[in-house]
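Down below is the structure, laid out as structure tokens.
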Amino acid sequence: MNETNSLIQIKGLRDGLLVSLDDAPWEEQRSALILQVDSQPDFFKGARLALDVASQVLHVNELVELRDQLSERSISLWAVISESPTTEKTAQLLGLATRISKPRPEESRQFSVENLGEDPALFLNRTLRSGTRIEFAGHVVVLGDVNPGAEIVAEGNVIIWGRLRGMVHAGSKGNKKAVICALDLSPMRLRIAEEISAMLKPQEHPGPEIARINEDGKLQAEFWSPG
Amino acid sequence: MTAQVVTITSGKGGVGKTTAVANLAVALASNGSKVVCIDGDIGLRNLDVILGLENRIVYDIVDVIEGRCRLKQAMIRDKKLPDLYLIPAAQTRDKNAVSPSDMNRLIKDLRADYDFVLIDSPAGIERGFRNAIAAADRVLVVTNPEISAVRDADRVIGILEAEEKGPAALIINRLNPILVKKHDMLSAEDVLDLLAVELLGIVPEDENVIIGSNRGAPVAYDTKSKAGQAFRNIARRLKGETVPFLDLDSQGSLWERLQRLAGRK
């Protein structure tokens, strides 16, 4: 056993492996991982790998390089977990999961969205293309369209300054007061808390709309009117 | 000279990637460029058939990567155009036979001697697609004016943006202006409205394309075919020329709108 292996802990998950990396410069972490894999190729071959990089900041080219190197060794990287918001964003951009079913014990990002007041919001200044999935423990604001095949799952409200044609779930942890707003509400599917949209009639003249759960407990969309 | 490496992909299968690669290769080589095209569809190779070169395959790309032959031995020269070469895919292997780093190494050896390296990507977004885009300087996305093709193209463009592969450019293939006018088919504007990328060209539906495929003679050779003309125009745009869009529709206003859309970033 050489020293580099002390950077790596491997645990078996129900459906794959979880590799946790101790804090170190990314090059050291990456080479330690590849070295570990190459020293036990049969153990890793065909594995689904979730990688915990702790506080490491990873950009697109670094994560793509790692994923390609793992894929060449028949390892499929499906999740990257980290404390760094940059790394989480990179993982999401590349279609990787950022959470595994058992939450990490240090994770205490529970804050109340009960009041839906001044809580953190994720601001996305771009159109979300098909296949993009955004999951956020707060509100989500998009300056752009949400294309069919794109998904947003937010514990708070979802505001789209553009066309909503994809799928949105607001109040995802059960908050019935959450709302979904869009300049053109033509979604594939809407959910607020537990309620799922019935067929929202496509509008002849689309305008800004707000969707919420009404007094009867039903999901309803209405045109925006000030006041 | 250093080659421009262009990958043609789509997400959806059957929209016309291989047809586009073959025709752009012919059009570029007929117009003074030295071109190599690479069939990236390992296991389901088609580019050789469309170019009419299937009887000339001795070695393929996997033979080169696995060291059984030199690169030049796998390159098949076109029957009619001396500056056009094909590196065929392997038919008896699959996409796992090649990796992104293999593609980078192979293409590095080609860059110095050619003007264009065109890579025919397979359908999908998995290993074959990753191999095809690994070495690309530029990626062209082919789509049909049809809702599921456009959905897949959006996904692919999203992946290309996320992986910082530079701005994609779009080719809309098999557009039927009569169906568009009857509102039975998406228009180019409908497609661009969703995809929001640069439009490189529109290729109209043309039965000469299938006739050409079956004969192993890409339609870009055919001066009377509108699809052939469209491909020749796209080739010129790839080389940096400004070429007006074909008048597929007699209405002048459509032509003007497309001009504006083509300039939209």
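The values are calculated or read from the model by the stated rules, or taken from the named source; none is laboratory data. For clarity, every value in this text was computed on a predicted model and none was experimentally measured. In this analysis, Cβ positions are derived from the backbone assuming ideal geometry, glycine residues included, and neighbour counts consider all displayed protein chains.
When each of B:33, B:10 is tested for being among the hydroxyl-bearing types (Ser, Thr, Tyr), surrounded by 20 or more Cβ atoms within 10 Å (Cβ to Cβ) and more than 14 Å from the chain's Cα centre (by Cα), the lone residue that passes is B:33.
For (1) touching a helix residue (DSSP H, G or I) at 6+ places or on another chain (Cβ under 6 Å); (2) modelled with pLDDT of 95 or more; (3) more than 14 Å from every other protein chain (Cβ to nearest Cβ); (4) surrounded by 13 or more Cβ atoms within 10 Å (Cβ to Cβ), each residue gets a yes or a no:
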site: A:96; (1), (2), (3), (4): no, no, no, yes
site: A:106; (1), (2), (3), (4): no, no, yes, no
site: A:135; (1), (2), (3), (4): no, no, yes, yes
site: A:140; (1), (2), (3), (4): no, yes, yes, yes
site: A:161; (1), (2), (3), (4): no, yes, yes, yes
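Of all the numbered requirements in (1) at pLDDT 95 or above; (2) over 19 Å from the mean Cα position of the chain (by Cα); (3) of a type in the set (Lys, Arg), residue B:236 misses one, and that requirement is (2). Among the residues of the stretch B:131-156, those identified as of a type in the set (A, V, I, L, M) and in contact with a Gly (Cβ under 6 Å, 6 or more places away or on another chain) are B:132, B:142, B:153, B:156. Counting only residues that are outside any loop (DSSP other than H, G, I, E, B) and of a type in the set (Asp, Glu), the stretch B:138-175 holds 3 of them. In the stretch B:154-171, which residue that is over 21 Å from residue A:64 (Cβ atoms) and either crowded, with 23+ Cβ neighbours inside 10 Å or touching a Ser or Thr at 6+ places or on another chain (Cβ under 9 Å) (or both) is farthest from the other protein chains (Cβ to nearest Cβ)? Result: B:171. Within the stretch B:107-132, being of a type in the set (A, V, I, L, M), closer than 18 Å to residue A:72 by Cβ and surrounded by fewer than 22 Cβ atoms within 10 Å (Cβ to Cβ) holds for B:107, B:125. I'd like the residue in the stretch A:117-131 that is assigned to a loop (DSSP other than H, G, I, E, B) and without any contact (Cβ under 8 Å) to a residue 24 or more places away in the chain and, out of all such residues, is surrounded by the most Cβ atoms within 10 Å (Cβ to Cβ). Looking at the filtered set, the residue picked out is A:129.
All conditions in (1) more than 14 Å from chain A (Cβ to nearest Cβ); (2) assigned to a loop (DSSP other than H, G, I, E, B); (3) farther than 26 Å from residue B:137 by Cα hold for residue B:178, with the sole exception of (2).
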